[in-house]
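Worksheet: the structure to be examined is printed underneath.
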Amino acid sequence: MRNVVLLLIGIILLFLVSSLMLQAIYGQSYGFLQGEDRWVPDGSGGWTRHGHPTAPEPDVPSVEVPLAVRYIPIFLPALLLILFMFTPLRKHVETRSPEPEADSPETTNENNTPAT
């Protein structure tokens, strides 16, 4: 169970760290946690209204974020999950079933009868 929780924490951290890094690189053009109503890049350095944004149009020119870069926060956690689910590393995540306890040698003899 502990390993599954660590895997989940790793997936969440990969998503958050990569998203925050892209937000730091591309600024408002990336739009991490901005919601549906916001200003989106129009591809020529300007901004297009998407929904009903309450904030005014940004003063900085927009940057077009490549499509492949937009999906990095999704692909990195997916790769970690694939790594631990479909490779030999899977044994670190699987929960082991308890093994049945064998009778102790003090209580039984060779014929499986109680010792006297």
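Since only A24, F75, N3 are under comparison, the one whose Cα sits farthest along the positive direction of the charge dipole of segment 2-92, derived from C-beta charges on Lys, Arg, Asp and Glu, is N3.
Each 10 Å bin from zero up to the one holding the largest Cα-Cα distance in segment 2-92 carries the following percent of pairs: 15, 37, 24, 15, 8, 0. Computed about the Cα centre, the dipole magnitude for segment 2-92 is approximately 700 debye when only Lys and Arg (+1) and Asp and Glu (-1) carry charge, each at its Cβ.
All of the numbers you see were taken from the coordinates with simple rules; none came from a lab. Note that the coordinates shown come from a computational prediction; the quantities given were computed from them, not determined experimentally. Because the Cβ atoms are built from the backbone with ideal geometry, glycine has one as well, and the counts that use them run over all protein chains shown.
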